[in-house]
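Asker: Handing you a structure now.
No value in this document is a laboratory result; all are computed from the given coordinates. Just so we're clear, the structure is a prediction, and the values are computed from it rather than from any experiment. Note that we place each Cβ from the backbone using ideal geometry, even for glycine, and neighbour counts take in every protein chain shown.
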Amino acid sequence: MGNAYGHFDDDAREYVVTRPDTPLPWLNVLGQDELFGLCTNTGGGYTFWRDARLRRLTRYRYNDAPYDSVGRYLFVRDGATVWNPGWKPTKTPLDRYECRHGLGYTRITGAKDGVEVELLFFVPPGEDAELWRTTVRNVGAVTKELTLFSYVEFCLYEALNDMTNFQRTYSIGEVEVDGGAIFHTTEYRERRDHLTMFGCTGEIAGFDTSRDAFVGVHNGLHEATVPFAGAAANSVAHGWNPIGSHQLDLRLEPGAEERFAFVLAYLHDPEPREQGRALLARYRDRDAVESAFAALGERWESLLSAFQVDCPDPHATRMANTWNPLQCMATFNLSRSASLYESGIGRGMGFRDSNQDLLGFVHLIPERARGRLLDLAATQLADGTCFHQYQPLTKQGNAEIGGDFYDDHLWLVLSSCAYVKETGDDSVLDEPVGYADTPGSGETLLHHLETSIAYTLSHRGPHGLPLIGHADWNDCLNLNCFSTEPDESFQTAGDVEGSVAESVMIAGLFLRACDELAALYRHLGRDEDAKRVDASSAEMLAVVEEHGWDGEWYVRAFDAAGEPVGSHTCDEGRIFIESQAWCVLGGAGRENGRARRALESVREHLGSEHGIVLHQPAYTRYRPELGEITSYPPGYKENAGVFSHNNTWITLAWCLEGEGERALETYLAICPSAREEAIETYRSEPYVYAQMIAGPDAATPGEAKNSWLTGTAAWAFVSLAQGILGIEPGYDGLRVNPCIPRGWGGYRVSRRFRGVLYEIEVANPDGVSRGVRSLHVDGREVAGDVIPLAAGGPVQVQVVLGAN
Ligand code: BGC
C-alpha cells in the first residue's frame with residue numbers, strides 16, 4: 001500500500017514520507033494552543049504566535065521558486081560534504097531519508113556516510129515555543145568530526161510590512177547574542193513587548209545573525225557561504241535580514257550519539273530575555289524535552305479518545321481516528337489564515353468558516369469552542385450582518401472586506417446549537433456579547449441567534465427567498481457585483497442595497513437554522529418561541545417548494561434581473577450542488593420525494609470519479625451578472641471544480657434519505673486516504689483534505705489544490721460521525737441513528753460525551769442501512785434511539801439495527 005512517496009503507519013498515527021521530492025510540499029501543522037509552526041516534509045515553513053500576519057516569528061517566501069525554500073534547517077558538514085537531514089536546501093543526495101508527520105510533530109531523519117541526524121519538531125502543550133530535538137548518531141565505523149549549522153530567518157513580525165516595506169525594514173533589524181540564545185529584538189526598544197529567541201541547548205562554537213554573512217549576498221541557501229566554508233562568521237545583524245544560526249562542533253566515535261535541542265520561542269514575559277534563558281536552561285535537561293514530547297502524545301491521545309471508531313472501511317477508520325481530528329485542530333486554530341496556500345496576511349478568521357470549523361472541533365476541546373463562539377458573535381453587527389473576517393490577534397472585524405454576505409449570520413445558529421448539544425452548557429446563551437457596532441450593549445448570544453433569523457426573514461426578494469448580498473457560502477457567486485474592472489475584488493465590488501438577487505441555498509440553510517433554534521427553544525422549555533420559529537420555517541419552506549423547485553432539482557439562485565441560476569433553462573450552470581444539499585438538509589422535499597430526486601440529479605449530472613463537481617455545465621465565458629465563479633477556467637475552483645467542502649453536505653443529505661451506500665460512496669470520493677495510490681495525479685497530501693480537486697472539465701482532472709485549511713475537515717467528520725455512523729450529540733443524550741452500507745456487519749465507536757465515555761457497539765445482522773431495532777445501555781433495554789445521559793462510565797451500549 002502507499003505510493004512512491006510514502007505510506008500511512010496507522011499504529012503510530014503517522015504518515016511516513018519516504019522520498020523528499022514529493023509532488024508538492026507535504027505539510028504538517030505543529031502547535032495546538034497559541035504558537036504554530038507550518039512544517040513541510042523537508043522542514044520548510046514558518047512559525048508564528050496566534051496571528052500569522054501580526055506575530056510572524058520566522059520568514060517564508062510564498063510563490064517562491066522552487067517551492068518551499070525557507071524553513072527550519074540544519075546543515076551538516078562532514079569533511080567537504082554539506083548535507084541536510086531533510087534534503088533541502090542543499091539537496092545533497094542522502095543514503096536514507098524519512099519524514100514522519102504525526103499528531104502535532106514532525107520527525108525528519110536523514111543519513112549520509114555513516115552519520116544519521118534526526119530532527120523532531122514539536123510545540124509542547126501550553127508552551128509558546130517550538131522545539132527541535134536533535135539527535136546526531138555515528139552509525140558508521142569511523143570516528144566523525146562534524147560541524148553543524150542551524151538556520152532560521154527571522155520575520156520582522158508584521159508579515160505584510162516585512163515583505164513590502166523594505167525602505168524601513170532593511171534598517172530596523174536588531175539582534176542580541178547571549179551564548180546559545182539568539183534574541184531577535186527588532187522594535188523591542190520602542191513599541192513591542194516581545195522578543196523571539198532561537199536558542200540552542202548544545203555547546204556553541206559560533207553563531208551568525210546576518211543573512212548576508214551566512215548565505216552570501218549573491219547565493220541561494222543551497223550554497224550558503226558559512227556551511228560550505230565550515231566556520232561561522234559570528235556576524236551581528238544591523239538592519240537588513242536578521243537570521244539565527246548556531247555552529248556546533250561534534251566529535252563522535254562509532255556508535256556514539258549526541259542529543260540537544262533548538263528552541264524557537266516567542267517571549268512576552270516582562271523580562272523576556274530571562275524567560276528565554278530559563279527556557280533554554282530547562283530544555284538543557286534531556287528528560288525535560290522527552291517529557292514535553294510525551295505530554296504532547298498524551299494530550300493527543302486524550303483528545304482523540306473523544307471519538308474513536310473501528311468500522312469496516314479502513315479509510316473512514318483511519319481518517320476519523322487520527323487525520324481528520326488533526327486537520328480539525330488546524331482549521332479551528334487557523335481558519336483560512338496560514339497554510340502553504342493561505343499567506344497568513346489575507347483572510348484571518350472567516351465568520352462562516354470558523355463557525356463551520358467549530359462543528360468538527362467542539363467535542364475535542366469544548367471550552368475553546370465556547371470562547372470562539374463568543375469571539376465570533378462579537379463581530380456580528382446589531383442589524384444581523386457580520387464582519388466576514390476578523391484578525392485573530394485583535395479580534396476586530398476586517399473593515400477591508402466588511403460584511404453583507406447574507407449567509408454568514410446563519411452559521412452562528414448551527415455552531416451555537418452544536419456547542420450546547422455537545423456540552424449541555426446553556427449558560428453560554430446568556431453571555432452578554434454585544435454587537436460589533438454597539439460593544440458593551442450586552443445583548444446575549446441567544447439574542448444574536450434571534451437577530452440572525454430575523455435578518456434573513458426581513459431581507460428577502462421578490463420570490464420571498466433570502467437576498468444573497470455579496471455572496472452566500474459560494475463566495476464566487478457574486479450576483480450584485482457586475483465587475484468589469486480588473487483592479488477590484490469580485491467579493492466586495494457592487495452595491496447590494498436595493499438588489500433583488502436571491503439565494504435558494506440560504507433558504508435551505510435558514511430552514512436548517514430554524515430547526516436547530518426551535519429544538520434549542522424546546523430544550524430551554526420555551527415552546528412558544530419554538531413555535532414561532534417553526535412558523536417562520538414553514539413559511540420559508542412553502543416559498544422554497546413553490547419557487548425553488550426546477551422540476552428535477554432545486555434552483556441555485558435568482559440573479560439581480562430575477563433570472564434563475566442553476567435551472568434547466570440556463571445554457572451553462574444548469575444544476576448546482578449547494579442548493580440541493582441545503583434544501584435537503586433543511587428538510588425540503590422530504591414529504592414530496594423531491595429530496596431524493598434532487599440527490600439523484602446531483603449524482604447523475606454532477607458526479608465524477610474525483611468527487612461531485614459544483615455545477616454543470618461549467619461556465620465557458622465571463623458573465624458579469626454571476627461574478628467570480630465565471631472567471632475561473634472550467635473545472636477549477638468554484639467553476640465546476642470538485643469543491644470538497646460541499647461534497648460532505650451531500651453525504652449527510654444521503655444519510656437523511658437513508659441511503660448508506662450512497663453516503664459512503666460520496667464520503668470516499670473525496671477522502672484523501674482513498675486517493676493515496678493516485679498520487680501522481682492528486683499531488684497533495686494524502687492525509688488531509690484539500691479545498692478543491694480539479695473536475696473533469698479541467699485540463700488536470702483529479703489534481704488537488706489548497707490542502708489543510710478547508711471547511712471540509714469539520715464537515716467530513718460530522719458527515720461520518722453523525723451521518724454515517726450516526727452518533728449524534730443531542731440535548732438529552734447521544735442519539736444513535738446510523739446510515740451505513742447494507743454490507744456492513746457492524747462497527748464500534750467509543751465516544752466521550754459530557755465527560756463520560758460511551759463504548760458503543762452496533763450490529764447489523766439483517767444487512768439494513770438504518771433503523772435501530774434495539775438499544776441496550778449497560779445491559780438494560782432502552783426504548784427509542786437515544787442513549788440517556790449517564791454519570792461515571794464507561795457506559796456499554798449495544799445497538800442492533802434492523803426492522804422493529
Ligand atoms: C472560503 C469559504 C467559501 C468557499 C466557497 C473558501 O475559500 O473560505 O468561506 O465558502 O471558499 O466559495
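Asker: To test your reading of the geometry: what angle, between 0 and 90 degrees and rounded to tens, separates the Cα axis of helix 644-656 from the longest principal axis of the chain?
Answerer: 40 degrees
Asker: Each residue of region 87-104 in order: what ³J(HN,Hα) in whole Hz does its phi give by Karplus 6.51 cos²θ - 1.76 cosθ + 1.60, θ = phi - 60°, with x for Gly and Pro?
Answerer: 6, 8, x, 6, 6, 4, x, 9, 6, 8, 9, 8, 10, 10, 8, x, 6, x
Asker: Can you pull out the trypsin sites (Lys or Arg not before Pro) in region 387-469 whose DSSP state is coil and whose Cβ has at most 11 other Cβ atoms within 10 Å?
Answerer: Here no loop site has a sparse enough neighbourhood.
Asker: Another question, if that's okay. Give, as a single signed number, the net charge of other residues whose beta carbon lies under 9 Å from the beta carbon of residue 795, with Lys and Arg counted +1 and Asp and Glu -1. All intermediate terms of the calculation are to be shown ahead of the outcome.
Answerer: Details: positive: none; negative: 759, 778.
Spelling it out: positives minus negatives among the neighbours equals -2.
Asker: Take peptides 725-734, 463-472 and line them up by average Cβ neighbours within 10 Å, highest first, as a rough protection proxy. List each step's numbers first, then the result.
Answerer: Working: 725-734: 21.0, 463-472: 25.7.
Taking the mean over residues of other Cβ atoms within 10 Å, the ranking is 463-472, 725-734.
Asker: Out of region 565-634, which GluC sites (Glu not before Pro) are coil in DSSP terms and have no more than 13 other C-beta atoms within 10 Å?
Answerer: 591, 609
Asker: Here's something else I'd like to know. Cβ neighbours within 10 Å, averaged per peptide: list 692-698, 450-456 in order, most packed at the top.
Answerer: Final packing ranking: 692-698, 450-456.
Asker: Of 88/705; 91/705; 421/531; 395/637, which pairs sit farther than 27 Å apart, going by alpha carbon to alpha carbon?
Answerer: 395/637
Asker: Here is a follow-up. Where in region 375-443 are there GluC sites (Glu not before Pro) that are in a DSSP coil and have at most 10 other Cβ atoms within 10 angstrom of their Cβ?
Answerer: On the way: sites: 400, 422, 443; in loops: 400, 443.
Here the GluC sites (Glu not before Pro) that fit, given the DSSP loop and packing criteria, are 400.
Asker: Counting only residues 5 or more places away or on other chains, whose amide H sits under 5 Å from the amide H of residue 186 once H atoms are built in the peptide plane?
Answerer: For residue 186, the qualifying residues are 174.
Asker: A follow-up question, please. By its C-alpha gyration tensor, with a ≥ b ≥ c as the square roots of the eigenvalues, how is region 551-682 shaped: rounded for a/c under 1.5, else prolate for a/b larger than b/c, else oblate?
Answerer: Details: a/c = 2.42, a/b = 1.11, b/c = 2.18.
Verdict is oblate for region 551-682.
Asker: With everything on Cα atoms, drop me the angle between helix 272-284 and the longest principal axis of the chain, reported from 0 to 90° to the nearest 10.
Answerer: 80 degrees
Asker: Let me ask something additional. Considering amide H positions built from the backbone, and no H for Pro or chain starts, which residues 5 or more places from residue 381, or on another chain, come under 5 Å of its amide H?
Answerer: 386, 387, 436
Asker: Right, another one. Calculate for the chain the 222 nm mean residue ellipticity that helices alone would give, adding -39,500 (n - 2.57) per DSSP H run of length 4 or more and normalising by residue count, nearest 500 deg cm²/dmol.
Answerer: About -8000 deg cm²/dmol.
Asker: What do you get for the angle between helix 445-458 and the principal long axis of the chain? Use alpha-carbon atoms, 0 to 90 degrees, nearest ten.
Answerer: Roughly 60 degrees, rounded to the nearest 10.
Asker: Another question about this same structure. Give me the distance in nm between label points sitting 7 Å out from Cα along the Cα-to-Cβ direction at residue 492 and residue 623, one decimal.
Answerer: Going from the residue 492 label point to the residue 623 one covers 2.7 nm.
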